[in-house]
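The structure appears below as C-alpha cells.
None of the figures in this text is laboratory data; all of them are computed from the coordinates on show. What you see is a predicted model, and the numbers here were worked out from it, not measured in a lab. Every residue, glycine as well, gets a Cβ built from its backbone with ideal geometry; the counts of neighbours run over all protein chains shown.
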Ligand SMILES: [Zn+2]
C-alpha cells in the first residue's frame with residue numbers, strides 16, 4: 001500500500017491523502033500560515049495522527065492552532081486530542097454526535113484497529129450556519145450544509161480565492177459512499193445545490209484521491225442508483241440485505257467497501273417509509289447485515 005502524502009493543491013494549502021481510503025482511512029488537509037497551521041480534520045488512530053503531524057512539520061515549524069472537523073466520524077476526529085492547544089471548530093451538532101459516540105473502543109464489525117492512546121476531544125468552538133477561519137489573509141469558509149447528508153452534521157471548507165473545496169465524506173473517490181448515518185435524498189440535494197454551484201476546480205474528498213468537479217456527478221450517480229435499487233426491491237418485499245444480494249453493482253462494482261450498499265439500502269428504505277431525512281435508524285442491525293453481505297466476515301480495516 002502506498003504511503004500517505006501531503007499534496008500542495010494551492011500555495012500553502014495541502015491535502016493529506018491516505019491511501020487507499022477504505023474504512024477508517026480518511027483524508028485531512030492543512031493550511032500553512034505565518035501565525036500557525038489550520039488543519040481540516042485529524043485521523044483515526046494515534047499512529048496515523050502522529051504521522052500526519054510529522055508530515056505537517058516538514059513544511060512548517062508553526063503549531064496547529066485551529067482544527068476544523070467536517071463531521072463527527074472517528075476517522076476524522078479521534079486524533080483531535082493530540083493537537084495540544086489547538087482550538088477545534090465544528091458545527092454544534094457535530095459536538096453532540098461526537099460526545100454520544102464516545103471515545104474509540106473495540107468495534108466488532110471491523111477487523112481489529114489499533115487505536116493507540118487517544119482521548120475524546122470535543123470541539124471548543126461551535127457554530128450553527130457558517131464561520132470563516134483565516135490562514136493569514138486567506139479565507140476558509142466553513143459552511144454547514146444545512147441538512148442531513150453523509151451524517152447529520154456535515155460541513156465543507158471552501159477556499160473561494162483558490163477554488164479549493166474540502167468536502168469531508170460528502171464525497172468519496174474510489175470508495176463506496178456511505179449514507180447510513182445521514183440521508184440519501186439529503187446528500188443528493190446538498191451535492192446538487194450546495195457543492196455544485198461553488199464551481200470548485202479542486203476537490204479534496206473525505207476518502208480517496210484529489211479530484212475535479214466531475215466527482216460530484218460520479219457520486220450523484222451512485223446515490224440515484226441506490227434510490228432506484230431500493231424503490232424496486234422494497235416494492236417486491238425484499239429486505240435490504242436480500243436486495244443487496246440481488247443487486248448487480250455494475251459500474252460501481254470496483255468501488256472499495258462495496259458492503260456499504262447494505263447500509264445505504266437500510267437508509268433508503270427508511271426514506272421510502274417517509275421517515276425524516278437523517279432520522280436515527282438501527283445502525284447495529286445495518287452493520288450486522290453488512291457483515292452478512294461480506295460473507296459473515298468483519299469488514300476490512302487497514303487503519
Ligand atoms: Zn464519515
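Listed from fewest to most Cβ neighbours within 10 Å, the set 97, 242 follows the order 242, 97. Of all DSSP beta bridges confined to segment 140-210, the antiparallel ones make up roughly 60%. Distance between the C-alpha centres of segment 101-126 and segment 250-284: 23 Å, rounded to the whole angstrom. Using just its DSSP H runs of length 4 or more, each adding -39500 (n - 2.57), the chain gives a mean residue ellipticity at 222 nm of -8500 deg cm²/dmol after division by all residues.
With 0.36 nm allotted per residue and the present C-alpha distance subtracted, the residue 192-residue 92 stretch has 33.6 nm of extension available. The alpha carbon convex hull volume per residue for segment 1-100 rounds to 97 Å³. Axis of helix 92-101 versus longest Cα principal axis of the chain: the two differ by about 70°, to the nearest ten degrees. In terms of other Cβ atoms within 10 Å, 156, 131 run from fewest to most in the order 131, 156. Note on segment 40-174: the alpha carbon radius of gyration divided by the globular reference 2.2 N^0.38 Å gives 1.04. Net length available on complete extension from residue 128 to residue 7 is 40.5 nm, with 0.36 nm assigned per residue and the Cα-Cα distance removed. A convex hull fitted around the alpha carbon atoms of segment 196-261 yields 94 Å³ per residue. Distances over 26 Å make up what percent of all Cα-Cα pairs in the chain? Value for the chain (Cα pairs over 26 Å): 41 percent. In percent, rounded to a whole number, the relative contact order of segment 168-243 is 34, using alpha-carbon pairs under 8 Å and six or more apart.
Using 0.36 nm per residue and subtracting the Cα-Cα separation, the extra length available between residue 20 and residue 249 on full extension is 80.4 nm. Working from Cα pairs under 8 Å separated by at least six residues, relative contact order for the chain is 17 percent.
Normalised by 2.2 N^0.38 Å, where N counts its residues, the alpha-carbon radius of gyration of segment 186-303 equals 1.13.
Note on the chain: antiparallel DSSP beta bridges, both residues inside, total approximately 60 percent of the bridges counted. Over all projection directions, the Cα-based convex hull of segment 122-236 averages an area of 7.9 nm². Relative contact order of segment 6-125, taken over Cα pairs closer than 8 Å and 6 or more residues apart, is 22 percent. Counting other Cβ atoms within 10 Å as a rough exposure proxy, the listed residues 34, 58 run 58, 34 from fewest neighbours to most.
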